[in-house]
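Scroll down for the structure; my scribbles are underneath it.
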Amino acid sequence: MKTLFLSALHKSSGKTTISVGLAGALAARGTAVQTFKKGPDYIDPMWLGHAAGRPCINLDFHTMAPGDIEAAFADYSTGADFSLIEGNKGLYDGLDLEGRDSNAALAKLVGAPIVLVIDTRGMTRGIAPVILGYQAFDKDLTIAGVILNQVGGPRHESKLRAAVEHYTDVPVLGAIGRHPEMEISERHLGLTPTNEAERADAVIADIAGIIADGVDLEAILAAARPALIESPAKEASPFPSPDILIAIAQDAAFGFYYPDDLDALKRAGAELVPFDALTDPALPDADGLLIGGGFPETQAADLSANRALRDDIRAKLGDGMPAYAECGGLMYLAKSLTWNGETHDMAGVIPGDVVMHDRPVGRGYVVLRETGDGPWRTPEAGGGDIPAHEFHYASLDNLPEGTPFAYDVKRGYGIDGKNDGIVIGHLLATFSHHRSIGGNCWTDRFADFVREKKGI
């Protein structure tokens, strides 16, 4: 299994669109492509996974130790012909001054050569010193090629290629012009997710066609190298027979789930039963409820109009059904949601009102510490720091005094800058997105809690 790391000089260089196109173009040729995304983002992986035909897995230094990253990369690369990792921001960017959490560090960890996507607008001969500088900055990296993006035309492309070929030893693997059809529509959290994009398949096919025309796919495959991390010799063991049912919201409003977390729930003995919060009149038969993040604000009218489901959820959680909700799920379980001057009734389980703002309220990595007031059992090892991630434009207002919280916020914002993880009965609802890995195996704890309340 060979791997390649697609990075860039800076964010918004077009690497996600090109990665999606590469995954789609290679998959269309019959190549089994496994995609990975550096960082905690949900939306880019949804597009990458959709294009490749197998779920994209996040690799994130904040929520994962190096050993966790290596294990996830090895496990999910099993059965693939080619693994494509898409970076975030620029190749050398990160929070750590020494670059220990950078794209470069991840590429070195897994042993992936790098292809740089370069936005060439306003650039000709100057592309050469940029490439030379990136090579010189870390000589332990292999920059296996560049893809020229946003090329202005044949004359512009010829000047760029001449400069790269004359001054550097880095091959040009492709050149992409300025194609409006390659611009996946965006909103306040980034790209529109595939669960809302009605034309996702058509968009991916269009992008894949442009990439196949402008990029030498054989050269891309030739630039890849065997990863330092080997995949297991055998396929992973099948999931055990489930003994609990967990209803999971999967629709245009809620789709932010890490695929490996869903797999972890299945390994913990859960069968996931999907439902549509916009159209289904009641929850499916289940022992617990899971509502992940998403964009409930864009679907607020339809969510509110489905009063039957809202009433059913409120009644079942009131009767003690265990439930876990993240970000968008928290927003849906509140009393109301206000966005763009319109207010809609929500499920009314959480005694607070959600208000959307023009700027992010909480954004970036967070660190939490358990208070002991959460509905799940505290790990025997004790309450260590929990790394997580948040990105929300929403505030939760009008909460009553004395509301219990599962987490103290050591870094980040959470619900009020100090607390996160509101606890109501057997519900835990948090603005933070958790990753079930290392010391924060929330999937096992949630499944055990559901099992306990079921009386198994």
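The values are calculated or read from the model by the stated rules, or taken from the named source; none is laboratory data. Model, not experiment: these values are computed from the prediction. Every residue, glycine among them, receives a Cβ derived from its backbone with ideal geometry; neighbour counts consider all protein chains shown.
Examine the stretch 312-329 for a residue that is over 19 Å from Phe391 (Cβ atoms), within 27 Å of the chain's Cα centre (by Cα), modelled with pLDDT of 95 or more and in a helix (DSSP H, G or I), and state whether such a residue exists. Checked the stretch 312-329: at least one residue is over 19 Å from Phe391 (Cβ atoms), within 27 Å of the chain's Cα centre (by Cα), modelled with pLDDT of 95 or more and in a helix (DSSP H, G or I). Of all residues in the stretch 340-350, those that are surrounded by fewer than 20 Cβ atoms within 10 Å (Cβ to Cβ) and touching a residue at least 60 places away in the same chain (Cβ under 8 Å) total 0. Cβ separations smaller than 9 Å between residues 6+ apart or across chains give no pair from the stretch 378-400 residues that are assigned by TED's automatic domain parsing to the domain that holds Phe61 and closer than 17 Å to Phe431 by Cβ to residues that are at pLDDT 95 or above and assigned to a loop (DSSP other than H, G, I, E, B). Assess whether Glu165 counts as being at pLDDT below 80, surrounded by fewer than 17 Cβ atoms within 10 Å (Cβ to Cβ) and of a type in the set (Asp, Glu). Here the answer is no, as Glu165 does not meet what is asked.
Going by what's in this entry, would Gly417 be described as small (Gly, Ala, Ser), in contact with a helix residue (DSSP H, G or I) (Cβ under 9 Å, 6 or more places away or on another chain), surrounded by fewer than 20 Cβ atoms within 10 Å (Cβ to Cβ) and modelled with pLDDT of 95 or more? Against the criterion (small (Gly, Ala, Ser), in contact with a helix residue (DSSP H, G or I) (Cβ under 9 Å, 6 or more places away or on another chain), surrounded by fewer than 20 Cβ atoms within 10 Å (Cβ to Cβ) and modelled with pLDDT of 95 or more), Gly417 does not qualify. Per the listing Gly352, Gly320, Gly362, the residue uniquely under 25 Å from Tyr257 (Cβ atoms) and either polar (S, T, N, Q) or out of contact with any His (no Cβ under 8 Å at 6 or more places or on another chain) (or both) is Gly352. Only one entry in Thr31, Thr17 is part of a helix (DSSP H, G or I), of a type outside the set (D, E, K, R) and either within 18 Å of the chain's Cα centre (by Cα) or farther than 11 Å from Leu84 by Cα (or both), namely Thr17. For the stretch 237-255, the set of residues classified as among the hydrophobic types (A, V, I, L, M, F, W, C) and touching a Pro at 6+ places or on another chain (Cβ under 8 Å) consists of Leu245, Ala247, Ile248, Ala249, Ala253, Phe254, listed by residue number. Consider Arg377 carefully, then state whether it is part of a strand (DSSP E or B), surrounded by fewer than 17 Cβ atoms within 10 Å (Cβ to Cβ) and not small (Gly, Ala, Ser). When the stated conditions are applied, Arg377 does not pass them.
For the stretch 361-369, indicate whether the set of residues that are over 25 Å from Phe446 (Cα atoms) and in contact (Cβ under 8 Å) with a residue 24 or more places away in the chain is non-empty. Looking for residues that are over 25 Å from Phe446 (Cα atoms) and in contact (Cβ under 8 Å) with a residue 24 or more places away in the chain, one finds at least one in the stretch 361-369, hence yes.
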